[in-house]
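Peer 1: Dumping the structure here so I can ask a few things about it.
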Amino acid sequence: MVNFKELGLVNTRDMFAKAIKGGYAIPAFNFNNMEQLQAIIKASAETKSPVILQVSKGARNYANQTLLRYMAQGAVEYAKELGWEKPQIVLHLDHGDSFELCKSCVDFGFSSVMIDASHLPYEENIALTKKVVDYAHQYDVTVEAELGVLAGVEDEVSSAVSHYTKPEEVVDFATRTGCDSLAISIGTSHGAYKFTPEQCTRDPKTGKLVPPPLAFDVLDAIMEQLPGFPIVLHGSSSVPQEYVDMINATGGKLPDAVGIPEEQLRKASESAVCKINIDSDSRLAFTAAVRKVFTEKPGEFDPRKYCGPARDLMEELYKHKIVNVLGSNGKAE
Ligand code: G3H
Ligand code: 13P
Ligand code: ZN
């Protein structure tokens with residue numbers, strides 16, 4: 001058993017309370033490899049932004065959980081080396097799908113876990129979430145739960161359509177489970193294809209797809225029911241057109257990829273939404289940069305020569321999100 005405090009990590013409790021008061025959101029960036037982690041830490045240290053490092057079940061399988069934990073511990077030291085005296089870094093399990101997985105993460109040094117039982121019937125979601133909360137809180141590990149279903153793929157949990165969170169359920173759910181934050185469904189979804197072309201309109205000038213707005217009325221109703229309660233948005237990549245264009249121009253195939261416009265995420269950040277999950281944008285940046293090197297220098301075979309530019313582009317992306325979208329810069333001086 002390792003407690004997250006021994007690793008220099010923090011849980012989300014104070015971070016979220018400050019973010020809600022201050023009208024900004026904490027970035028939750030997924031990582032699977034060293035370059036992503038380096039870029040996240042550099043961007044957070046240079047902007048003095050609190051940050052949540054997210055590990056999915058898939059990331060644990062890909063990278064090995066022991067290695068990921070030591071990487072997170074190393075990230076705290078790296079942040080200090082970069083001149084960030086008191087790094088505020090959370091190690092979070094993204095989309096935990098069982099009590100056993102959440103328990104293993106708590107026991108293994110994670111400071112926050114998500115139990116995603118949103119696909120289960122309501123009472124079963126409550127029972128499983130409460131079981132995780134009761135365990136995690138013994139070690140001061142904070143717990144994110146989910147109510148409502150996002151369209152798209154949530155690790156191994158998939159749904160063809162989204163079911164918005166029902167505002168009339170949130171008080172009962174939060175009270176009975178004791179969860180620390182709640183992921184809600186208001187129209188975001190995972191991946192680079194968040195909306196079908198049929199759900200969008202076309203900008204007559206650029207011909208680009210314009211997605212429908214998020215259901216801010218549902219968010220407002222939830223906040224009215226649970227004033228000041230930490231709300232989480234999953235599926236919040238914006239799918240930057242420049243990365244999609246770079247990928248398509250170098251032989252990739254991402255037709256009609258579309259994300260959440262950044263203005264809407266900025267607006268959400270000013271509300272009780274205090275954690276915004278971004279994974280796909282980093283994948284797109286990485287892929288765009290690697291493809292560019294392969295296209296321009298077909299003889300290159302030193303991974304540092306293409307992972308390095310990928311790391312640089314991701315760092316630029318993370319800084320942009322922190323400073324221009326979430327407003328978390330300078331909040332962890
Ligand atoms: O919500 C899902 C995250 O983007 C993680 O994706 O399961 O492919 O690692 P993954
Ligand atoms: P994106 O696919 O929009 O980046 O969402 C990531 C996410 O919600 C991770 O839990
Ligand atoms: Zn998610």
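Read-outs throughout are calculated quantities, based only on the coordinates presented, and are distinct from any laboratory measurement. In this text, all values refer to a predicted model and were calculated from it rather than measured experimentally. Heads up, the Cβs are rebuilt from the backbone with ideal geometry, glycines too, and the neighbour counts pull from every protein chain shown.
Peer 1: For each pair in K48/K166; K18/K166; K21/K166, compute the distance between the two Cα atoms and list the pairs where it is over 30 Å.
Peer 2: Over 30 Å Cα-Cα: K48/K166.
Peer 1: Compute log10 of I(q)/I(0) for the chain with the Debye formula, placing one identical point scatterer on every Cα and leaving out solvent, at q = 0.12 Å⁻¹, to two decimals.
Peer 2: Normalising to I(0) and taking log10 leaves -0.81.
Peer 1: So what's the Cα pair-distance distribution over segment 232-305, bin width 10 Å, in %?
Peer 2: 18, 40, 25, 13, 3
Peer 1: Another question, then. By how many nm would the segment from L67 to N33 lengthen if fully extended, with 0.36 nm per residue of separation less the alpha-carbon distance? Each step should come with its number before you reach the end.
Peer 2: Numbers: separation 34, 0.36 × 34 = 12.24 nm, distance 0.99 nm.
Gain on extension, L67 to N33, equals 11.3 nm.
Peer 1: Assign one of three labels to segment 61-214, namely rounded, prolate or oblate, based on the Cα gyration tensor with a ≥ b ≥ c the square roots of its eigenvalues; rounded applies when a/c is under 1.5, prolate when it is not and a/b is larger than b/c, and oblate otherwise.
Peer 2: Numbers: a/c = 2.16, a/b = 1.28, b/c = 1.69.
The shape class here is oblate.
Peer 1: Please give the length that would be gained between E124 and E6 if that part of the chain were fully extended, namely 0.36 nm times their separation in residues minus their C-alpha to C-alpha distance (nm, one decimal). List each step's numbers first, then the result.
Peer 2: Numbers: separation 118, 0.36 × 118 = 42.48 nm, distance 3.37 nm.
Here the segment from E124 to E6 would lengthen by 39.1 nm.
Peer 1: With the contact rule set at Cα under 8 Å and sequence spacing of 6 or more, what percent relative contact order holds for segment 4-326? Mind dumping the intermediate values first?
Peer 2: Numbers: 628 pairs, mean separation 64.4, N = 323.
Once divided by the residue count of segment 4-326, the mean separation gives 20 percent.
Peer 1: Assuming R0 = 51 Å, can you tell me the calculated FRET efficiency for the pair T206 and K21, based on Cβ-Cβ distance, to the nearest 0.05?
Peer 2: So the FRET efficiency works out to roughly 0.85.
Peer 1: For segment 281-313, which chymotrypsin sites (Phe, Trp or Tyr not before Pro) are both in a DSSP coil and crowded by at most 12 other Cβ atoms within 10 Å?
Peer 2: Numbers: sites: F286, F294, F301, Y306; in loops: F301.
Taking segment 281-313 and a limit of 12 other Cβ atoms within 10 Å, the loop chymotrypsin sites (Phe, Trp or Tyr not before Pro) found are F301.
Peer 1: If you don't mind, there's one more thing I want to ask. I need two numbers for segment 160-234: Rg to one decimal and Dmax as a whole number, Cα atoms only, in Å.
Peer 2: That works out to 15.2, 50 Å for Rg and Dmax.
Peer 1: Let me ask you something else. Grab the Cα-Cα distance for D256 and E198, subtract it from 0.36 nm times how many residues apart they are, and report the gain in nm with one decimal. Mind dumping the intermediate values first?
Peer 2: On the way: separation 58, 0.36 × 58 = 20.88 nm, distance 1.07 nm.
Roughly 19.8 nm would be gained on extension.
Peer 1: Which percentage, to the nearest 5, of the DSSP beta bridges contained in segment 4-326 is antiparallel? Intermediate values should be presented prior to the final figure.
Peer 2: Details: 6 of 38 bridges.
Antiparallel bridges make up about 15 percent of those DSSP assigns within segment 4-326.
Peer 1: Tell me the relative contact order for segment 269-333 as a rounded percent, counting alpha carbon contacts under 8 Å between residues six or more apart. Provide the component values of the computation, followed by the final result.
Peer 2: On the way: 35 pairs, mean separation 22.7, N = 65.
So the answer I get is 35 percent.
Peer 1: Let me ask something additional. At what distance in nm do the modelled label points of D107 and R266 sit from each other, each positioned 7 Å from its Cα along Cα→Cβ?
Peer 2: If labels sit at D107 and R266, their model points lie 4.7 nm apart.
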